Amino acid sequence: MTTETLSLEQRCADALRQHLAAGDEATLLEAYEFGRSALAEGLGVLDMALILWRTALSARHQIGEDPRLAARAQGFLLESISPFEMAHRGAREAGDALRKLDQRREEHVRRIARDLHDRAGQLLATVFFALDGLREHLKPGGDESVARLTELLHAVEDEIRRVAHELRPVVLDDLGLLPALRFLAEGLSKRSGLSITVTGSTEGRLPMRIETELYRAVQEALTNVARHSHASRVLIEVRCTTREVRCRVRDDGRGFDPAAPPASGRQGLGLRGVREGLAPLGGTVEIHSGAGKGTDVRIRIPLEVIHEHAGSDRR
Ligand SMILES: Nc1ncnc2c1ncn2[C@@H]1O[C@H](COP(=O)(O)OP(=O)(O)O)[C@@H](O)[C@H]1O
Ligand SMILES: [Mg+2]
């Protein structure tokens with residue numbers, strides 16, 4: 001026990017003795033002030049409980065069998081722990097507020113992604129139509145320019161779709177995690193030649209935030225496979241129990257030492273971003289890898305936390 005804790009314990013014992021003797025508002029206020037000082041000095045709830053327990057024990061002779069004194073002692077203990085209770089509630093409310101903010105942000109991203117995907121798509125379709133109508137008014141040779149313009153517009157369309165998809169894949173909202181992962185895997189397979197298998201099930205839809213974070217984590221893991229691994233095969237596996245959802249992304253590539261500092265000297269943002277995204281949900285990511293052993297990324301998200309704090313935020 002540190003000297004600060006000892007002097008706090010002394011202060012607590014003095015304050016309790018005075019409150020047992022006087023039992024008025026002023027001595028009760030001292031209990032509260034003592035609690036505030038303990039909190040300000042960084043004492044944890046366990047330290048505080050220990051101090052109060054020892055103080056109560058040492059005052060037991062003074063309290064004896066007198067119910068009035070027992071009630072005073074109880075009032076004292078509750079008053080001195082109340083700053084901890086307030087801090088605890090404050091932290092919980094702040095956590096709730098953060099979660100709501102996060103949900104609103106996600107909602108916003110979802111709307112932007114949809115608008116980009118749907119509205120920009122419709123507008124471009126109109127432009128293609130108008131371009132087609134132009135052809136008959138063109139001088140000879142003008143066709144080539146229109147063809148070039150059409151080609152460029154197709155590239156713009158692809159780019160808009162890609163950005164919208166990266167912001168938030170529409171297929172994730174409409175069909176759920178597994179179909180979205182399959183869609184992601186197919187796209188990457190085509191671009192990279194990797195053979196990617198997606199297996200498992202989620203037993204129906206998961207809360208939206210869990211689906212989103214899992215999707216983002218797998219997206220990052222797959223990007224890493226494509227960029228760093230020299231693998232030829234990838235297996236994505238999703239499993240659900242009543243308690244948690246687990247997802248593994250395994251490749252047969254060259255592997256790396258997850259504990260070693262990054263070769264380029266800079267900390268990779270990808271895996272850190274995955275960790276940071278999972279943390280508010282109580283989720284974790286473990287990387288099992290080693291030179292020549294391939295890489296196994298294991299993601300876990302508990303299902304209770306989100307049910308408890310955010311309810312089912314499926315909309
Ligand atoms: N599947 C993988 N196979 C081989 N190396 C990997 C794999 N995933 C990650 N790495 C290694 O871990 C590093 C950190 O990854 P990450 O945090 O995503 O950062 P970045 O991809 O931006 O480098 C990578 O630079 C790479 O060296
Ligand atoms: Mg990366």
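So the values come out like this:
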{"read-out": "Filter result (in contact with a Lys or Arg (Cβ under 6 Å, 6 or more places away or on another chain), of a type outside the set (Ser, Thr, Tyr) and closer than 16 Å to Arg250 by Cα) within segment 192-228", "value": "Val198, Gly200"}
{"read-out": "Tally of residues being in a helix (DSSP H, G or I) and within 17 Å of Ala13 (Cα to Cα) across segment 40-65", "value": "16"}
{"read-out": "Tally of residues being touching a helix residue (DSSP H, G or I) at 6+ places or on another chain (Cβ under 7 Å) and either more than 15 Å from Val170 (Cβ to Cβ) or acidic (Asp, Glu) (or both) across segment 104-132", "value": "5"}
{"read-out": "Which numbered condition Gly253 fails, given (1) more than 30 Å from Leu101 (Cβ to Cβ); (2) within 7 Å of ligand 1 (Cβ to nearest atom); (3) surrounded by fewer than 13 Cβ atoms within 10 Å (Cβ to Cβ)", "value": "(3)"}
{"read-out": "Candidates Leu194, Leu167, filtered to the one that is touching a residue at least 12 places away in the same chain (Cβ under 8 Å), over 20 Å from Val297 (Cα atoms) and in contact with a helix residue (DSSP H, G or I) (Cβ under 8 Å, 6 or more places away or on another chain)", "value": "Leu167"}
{"read-out": "Residues of segment 276-289 satisfying the condition of being modelled with pLDDT under 95 and loosely packed, with under 14 Cβ neighbours inside 10 Å", "value": "Glu276, Ala279"}
{"read-out": "Members of segment 187-212 found to be within 16 Å of ligand 2 (Cβ to nearest atom) and either on the phi > 0 side of the Ramachandran plot or crowded, with 19+ Cβ neighbours inside 10 Å (or both), listed by number", "value": "Leu194"}
{"read-out": "Filtered residues of segment 213-250 (kept if exposed (fewer than 14 other Cβ atoms within 10 Å of the Cβ) and over 20 Å from Gly283 (Cβ atoms))", "value": "Arg227, His230, Ser232"}
{"read-out": "Entirely in segment 158-245, the helices (runs of 4 or more DSSP H) that have 3 or more residues that are under 24 Å from the mean Cα position of the chain (by Cα) and not aliphatic (A, V, I, L, M)", "value": "177-192, 208-224"}
{"read-out": "Set Arg68, Arg99: member being surrounded by 15 or more Cβ atoms within 10 Å (Cβ to Cβ), in a helix (DSSP H, G or I) and either of a type outside the set (Gly, Ala, Ser) or in contact with a strand residue (DSSP E or B) (Cβ under 9 Å, 6 or more places away or on another chain) (or both)", "value": "Arg99"}
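The values are calculated or read from the model by the stated rules, or taken from the named source; none is laboratory data. Owing to the predicted nature of the structure, the values given are computational and were not obtained by experimental measurement. We place every Cβ from the backbone using ideal geometry, glycine too, and count neighbours over all the protein chains shown.
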